[in-house]
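The structure under discussion appears below in the form of structure tokens.
The values are calculated or read from the model by the stated rules, or taken from the named source; none is laboratory data. Computed from a predicted structure; not experimentally measured. Cβ coordinates were reconstructed from backbone atoms using ideal geometry, including for glycine residues, and neighbour counts include every protein chain displayed. The protein model used for the area step is the full one, side chains on, heavy atoms only, and it has no ligands, DNA or RNA in it. Shrake-Rupley method; radii C 1.70, N 1.55, O 1.52, S 1.80 Å.
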Amino acid sequence: FGEEKGDSEDSELRFATCQSLWSKIKAETEQIQEDLNKQLFDNLVSFLRQSHSDFQEKTTEWTRGMKPREIPTAALVLGVNVTDHNLTFRSLSEVLQNNITPYIALLEAKDCAGIKNLMQKLMGQLMNCHIDEDSLEDEDYVQVSQKRIRCSMTTLVSWYESVTKKTDSGTPSKRTSPSSSHGQYPPVVVILKDMESFSTKVLQDFIVISSQHIHELPLVLIFGIATSPMMIHNVLPHSVSSLLCIELFQSLSCKDHLSTVIDKLLLTTQFPFKLGEKVLQVLINIFLYHDFSVQNFIKGYQLCIVEHFYSQPLSVLCCQLEDAKMQANALSHGQCENVRRLPSFRRYVESQVSEKQIALLTEDSCLKETVQELLEDLQVYHENYVSVLRCLHVFTSFLPKHPLGKQIRELHCTCLEDRVWETEEYESSLQLARMLNKSDLVTMLQQCVEIFVSSSGKGFDKIVEKLKEFLTQFQQLEAEAIQEQDVSVSSQKELQKKTDLYHLQKTLLELKESRRCKKLTKFEVLRFEVVDYIDSLVREYLVPADHKTLHEVVYFNTASVLREHLNAAPRIALHTALNNPFCYLKNQTLQTDGGGISNKAPDICIAYRLHLECGRLINLVDWLEAFSTVVMAAEGPKADAASSAQDDDVIHARFIRAVSELELLGFIKPSKQKTDHVARLTWGGC
């Protein structure tokens with residue numbers, strides 16, 4: 001932070017605070033990942049323990065319902081977020097090594113073009129040996145302890161028997177044998193990370209060969225599937241798939257994973273750093289419309305943290321909101337001036353009386369006291385906001401197919417964008433809420449009470465008391481309804497007794513008139529009161545963040561910067577780098593006036609600028625002469641003919657390399673019309 005923001009007084013402190021904040025967030029995300037995968041991994045561990053539970057007895061049928069030649073196979077459906085799979089498999093491998101077996105191999109389709117390559121990778125990982133792929137390109141061997149071992153299933157079986165066999169002393173070797181926690185015959189787990197990408201022939205050959213040795217080697221397969229379990233039957237014929245005893249495992253959907261991450265990282269007071277509505281929407285849109293990758297969402301979140309602490313001099317106050325007094329008193333004069341420049345603080349000053357305005361703009365001590373109060377108010381706002389937002393989400397989730405009742409992240413974005421109570425969706429939600437039945441209302445109130453009781457927000461005691469009062473009134477209404485039901489039954493019996501036509505018509509007319517001018521029942525009145533009370537909480541606590549003073553300290557709102565980093569525009573970046581290398585290299589010698597070409601620029605930049613001035617076909621001789629003219633511009637004429645010829649050869653070589661690089665990048669290609677010309681491929685400005 002200190003290189004480009006050298007005038008900042010606390011760049012080192014901001015950098016340290018940024019690192020500290022990210023380390024805490026990273027630890028929390030890892031814990032979230034572990035918690036979400038716990039159920040899945042526990043099921044897989046249980047499956048692996050049962051798959052070869054009777055292997056040591058050498059029975060012909062190890063598990064009930066499994067044929068002798070069937071290979072236990074776990075079909076692990078992880079979803080289309082392929083970029084997150086590596087982290088999942090890495091965590092799964094660690095869990096299996098700690099609980100089941102030390103013999104685990106992770107294979108990828110790109111490394112297993114043939115059955116020979118697959119066996120090399122498999123044995124190399126299981127035996128912890130190094131494979132020289134160049135030397136083994138046409139061989140079926142791996143190098144282990146100065147010995148060349150043939151890559152075959154027979155060799156693998158012999159190796160397994162040797163590492164699981166106890167020595168004469170009764171203790172296994174530390175390097176090769178399993179630990180006591182794994183048992184004497186731990187299974188050999190082979191994980192195919194991207195099953196859909198494997199060659200059909202390679203999979204068939206490996207499964208058929210493995211099934212022939214399954215009575216000697218307790219092999220277990222784990223298929224990583226991104227699409228559907230039906231891919232197994234689409235890729236493998238029945239004669240091969242029948243050799244697998246498949247059990248399906250489904251991971252948590254990436255959308256639910258993202259909702260959990262947002263809930264734990266953004267909708268909490270544990271981490272004071274917050275994302276503005278536009279920034280959060282950019283990250284969510286990239287997730288929904290590009291890759292469904294939660295890890296990429298977290299990387300984007302990390303980028304927002306770095307950018308916020310880099311660009312906002314007052315961001316150091318972000319992580320010390322709980323100690324606002326100390327931070328406010330530690331403000332220097334320069335930081336006080338930065339506070340006075342904040343748009344939200346300017347609006348705050350304008351709302352004060354004239355004496356207060358003068359004090360805030362001229363006296364640092366008065367400013368520090370005010371900043372302390374504002375930071376404390378901002379902390380309280382966050383605590384209250386999260387609780388009321390969760391209550392509103394409970395409120396809207398009972399509404400059938402309503403836009404505000406889908407995900408809490410969408411509701412959060414709506415509240416950040418503007419006053420949510422002024423939107424049409426919110427008005428329609430109130431109308432639907434006024435038609436909810438009693439059971440839904442009671443359930444909703446009970447959940448809201450739990451939210452406010454467990455909340456760290458201040459001033460919620462009265463809210464909890466009011467909600468409990470509503471619950472008590474609903475219980476009383478239920479008791480009264482039972483009594484009224486008994487009364488109505490008796491009145492109907494009396495009506496049936498009146499057989500006189502006159503009295504019967506009179507009674508029916510009275511009932512019709514009462515229905516016409518029907519008043520609201522006690523339940524309907526109470527339901528209106530509940531809805532209005534929830535509405536008052538929303539209007540009080542869900543004020544958009546940009547309406548709060550000093551929100552710039554905590555919220556990152558520069559969505560345009562985030563788009564530049566995350567929404568790749570390679571053509572624009574490449575054109576900028578080649579046309580104006582100073583933009584990236586920051587070398588003062590590369591700056592030119594009037595759009596000229598600096599002879600200090602990289603050769604490819606010079607060649608690129610010259611090629612922009614040409615037409616469809618470029619004469620290589622003319623291009624070389626222009627290139628030589630630019631390169632030699634700063635040098636005087638050479639008196640020595642020999643040195644001049646040597647320089648020409650060097651320039652010629654540099655030109656050829658620059659042209660080759662431009663061809664590699666796709667800007668030019670050789671022309672079949674003229675051998676001494678190249679064709680230009682790109683047109684138009686960026």
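Of all residues in region 387-394, one or more are assigned to a helix (DSSP H, G or I), basic (Lys, Arg) and either in contact (Cβ under 8 Å) with a residue 24 or more places away in the chain or assigned by the TED database to the domain that holds Phe460 (or both).
I'm checking my understanding of the structure. Among residues of region 50-107 that are aromatic (Phe, Trp, Tyr) and modelled with pLDDT under 70, which one is most open to solvent (accessible area, probe 1.4 Å)? My answer is Trp62.
Residues being touching a residue at least 40 places away in the same chain (Cβ under 8 Å) and either closer than 23 Å to Ala568 by Cβ or in a loop (DSSP other than H, G, I, E, B) (or both): count how many of those fall in region 669-681.
Selection size over region 669-681: 4.
Within region 564-574, does at least one residue satisfy the condition of being modelled with pLDDT under 85 and at positive phi? No - not one qualifying residue is present in region 564-574. Here region 575-611 is the region considered, the condition is being in contact with a helix residue (DSSP H, G or I) (Cβ under 6 Å, 6 or more places away or on another chain) and of a type in the set (D, E, K, R), and the residue that is modelled with the lowest pLDDT is Lys600. Hey, any hits in region 336-353 for a residue that's without any contact (Cβ under 8 Å) to a residue 40 or more places away in the chain, over 23 Å from Val554 (Cβ atoms) and over 38 Å from the mean Cα position of the chain (by Cα)? Yes, region 336-353 has at least one match. Kindly indicate whether any position in region 414-430 is touching a Pro at 6+ places or on another chain (Cβ under 9 Å), acidic (Asp, Glu), in the same structural domain as Pro544 (by the TED database) and in contact (Cβ under 8 Å) with a residue 60 or more places away in the chain. So far as region 414-430 goes, yes, one or more of its residues are touching a Pro at 6+ places or on another chain (Cβ under 9 Å), acidic (Asp, Glu), in the same structural domain as Pro544 (by the TED database) and in contact (Cβ under 8 Å) with a residue 60 or more places away in the chain.
Regarding Ser643, is this residue of a type in the set (Ser, Thr, Tyr) and either under 30 Å from Leu275 (Cβ atoms) or at pLDDT 80 or above (or both)? The answer is no for Ser643.
Results for (1) open to solvent by less than 10 Å² (accessible area, probe 1.4 Å); (2) assigned to a helix (DSSP H, G or I); (3) outside the structural domain of His393 (by the TED database); (4) of a type outside the set (Ser, Thr, Tyr), shown as yes or no for each residue.
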| position | (1), (2), (3), (4) |
| --- | --- |
| Ile214 | yes, no, yes, yes |
| Leu217 | yes, no, yes, yes |
| Glu247 | no, no, yes, yes |
| Gln295 | no, yes, no, yes |
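Does region 459-470 contain any residue that is closer than 30 Å to Gln270 by Cα, surrounded by 10 or more Cβ atoms within 10 Å (Cβ to Cβ) and at pLDDT below 85? Yes, region 459-470 contains at least one residue that is closer than 30 Å to Gln270 by Cα, surrounded by 10 or more Cβ atoms within 10 Å (Cβ to Cβ) and at pLDDT below 85. When restricted to residues that are touching a His at 6+ places or on another chain (Cβ under 8 Å) and under 25 Å from Ser315 (Cα atoms), region 365-414 contains 1. Here Arg563 does not qualify as touching a helix residue (DSSP H, G or I) at 6+ places or on another chain (Cβ under 9 Å), part of a helix (DSSP H, G or I) and in the same structural domain as His412 (by the TED database). For region 1-49, a residue qualifies if it is acidic (Asp, Glu), modelled with pLDDT under 90 and open to solvent by less than 50 Å² (accessible area, probe 1.4 Å), and exactly one does: Asp10. Selection of region 254-275 for residues being open to solvent by 30 Å² or more (accessible area, probe 1.4 Å), among the hydroxyl-bearing types (Ser, Thr, Tyr) and in a helix (DSSP H, G or I) yields only Thr260. Among the residues of this structure, Ile284 counts as one that is over 30 Å from Val339 (Cβ atoms), of a type in the set (A, V, I, L, M, F, W, C) and assigned to a helix (DSSP H, G or I).
The one condition from (1) surrounded by fewer than 14 Cβ atoms within 10 Å (Cβ to Cβ); (2) under 26 Å from the mean Cα position of the chain (by Cα); (3) of a type in the set (D, E, K, R) that Arg571 does not meet is (2). Listed by first and then second residue, the pairs with beta-carbon distance under 8 Å, at least 6 apart or on different chains, first residue in region 232-253 and under 20 Å from His85 (Cβ atoms) and modelled with pLDDT of 90 or more, second of a type in the set (Phe, Trp, Tyr) and outside any loop (DSSP other than H, G, I, E, B), are Ile232/Phe223; Glu247/Phe47; Phe249/Phe47.
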